[in-house]
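Below is one structure, written out as structure tokens; the observations come after it.
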Amino acid sequence: MPMPAGALRPHPQHMRGHYNRYKIARFSDKIMSLKNFNRDAALHNETSKHSSKLIFAPTRKDEQYLIGELERENLNSNPFLQFHEWFEQASNTPGLTMPEATTLSTAQLPSGRVSARMVYLKELDKKGFVIYSNWDTSRKADDLKSNKHASLTFWWKELERQVRVEGITEKLTQEQSQEYYDTRYYLLHKV
């Protein structure tokens with residue numbers, strides 16, 4: 001049976017319950033180009049008075065992650081059922097809004113350039129995670145045409161939990177997409 005579009009197969013070893021501090025990489029590419037060289041020089045002079053860092057965010061004592069631990073023996077052997085348990089917990093946590101919000105990360109080939117954006121999880125079944133999006137004109141569509149590997153990252157601050165999902169994506173069938181669109185169309189026009 002084919003996996004739904006946007007569905008990602010999680011690997012249990014990639015599900016994490018807590019944020020771990022890792023220095024992933026130092027971004028050496030310019031984030032934005034400043035056309036005004038005087039502005040660039042002024043920014044350099046101002047920041048070099050204090051530090052070479054524009055942002056420094058040490059962990060505050062009141063922000064230590066202390067709610068719980070993640071032990072392999074306490075996990076469900078089925079990663080979909082484990083995620084469902086965590087998602088239900090997030091959905092019922094006071095103050096935690098939009099537990100379905102997730103970061104979808106893709107990389108275009110052959111450049112390998114990575115991009116990420118926020119999307120909503122719409123379904124989870126035994127085949128995977130499902131998101132809906134405009135797959136004809138978006139950058140994620142271009143990325144996924146060249147590289148079907150993608151990841152989702154859920155972050156639930158109130159639970160001190162992040163969950164990473166990695167896998168291969170594929171499009172839903174036209175019928176499955178239409179079913180979702182019809183539901184959405186009905187809700188929009190009912191209002």
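Per-structure values
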read-out	value
Where a residue in the stretch 132-150 is over 14 Å from residue 168 (Cβ atoms) and of a type in the set (A, V, I, L, M, F, W, C) and its partner, wherever it lies, is surrounded by 13 or more Cβ atoms within 10 Å (Cβ to Cβ) and modelled with pLDDT under 85, with Cβ under 6 Å and at least six apart	141/135
Residues located in the stretch 148-167, provided they are among the hydrophobic types (A, V, I, L, M, F, W, C) and in a helix (DSSP H, G or I)	159
Residue tally, condition among the hydrophobic types (A, V, I, L, M, F, W, C) and at positive phi, over the stretch 106-132	0
Within the stretch 134-159, considering residues that are under 18 Å from residue 98 (Cα atoms) and crowded, with 17+ Cβ neighbours inside 10 Å, the one modelled with the lowest pLDDT	159
Options 171, 122, 145; residue that is in a helix (DSSP H, G or I) and charged (D, E, K, R)	145
So residue 97, is it under 30 Å from residue 181 (Cα atoms), of a type in the set (Ser, Thr, Tyr) and exposed (fewer than 11 other Cβ atoms within 10 Å of the Cβ)	yes
Residues within the stretch 79-105 that are part of a loop (DSSP other than H, G, I, E, B), under 21 Å from the mean Cα position of the chain (by Cα) and either charged (D, E, K, R) or at negative phi (or both), tallied	6
Yes/no for residue 128 being touching a Lys or Arg at 6+ places or on another chain (Cβ under 7 Å) and either free of Cβ contacts under 8 Å to residues at least 40 places away in the same chain or buried (at least 17 other Cβ atoms within 10 Å of the Cβ) (or both)	yes
The stretch 76-131: number of residues that are among the small types (Gly, Ala, Ser) and within 23 Å of residue 147 (Cβ to Cβ)	7
Answer residue from the stretch 95-115, given it is in contact (Cβ under 8 Å) with a residue 40 or more places away in the chain and touching a helix residue (DSSP H, G or I) at 6+ places or on another chain (Cβ under 8 Å) and is farthest from residue 167 (Cα to Cα) among those	95
Close pairs from the stretch 75-94: first of a type in the set (Val, Ile, Thr), partner outside any helix (DSSP H, G or I) and crowded, with 17+ Cβ neighbours inside 10 Å, Cβ under 8 Å, at least 6 apart	93/99; 93/156
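Table: residues versus (1) within 26 Å of residue 179 (Cα to Cα); (2) modelled with pLDDT under 80.
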{"position": "50", "(1), (2)": "no, yes"}
{"position": "59", "(1), (2)": "no, yes"}
{"position": "65", "(1), (2)": "no, yes"}
{"position": "107", "(1), (2)": "no, no"}
{"position": "126", "(1), (2)": "yes, no"}
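The values are calculated or read from the model by the stated rules, or taken from the named source; none is laboratory data. Note that the structure is a prediction, hence the values are computed from the model and not measured. Quick reminder, even Gly has a Cβ in these numbers, built from the backbone with ideal geometry, and neighbours come from all protein chains shown.
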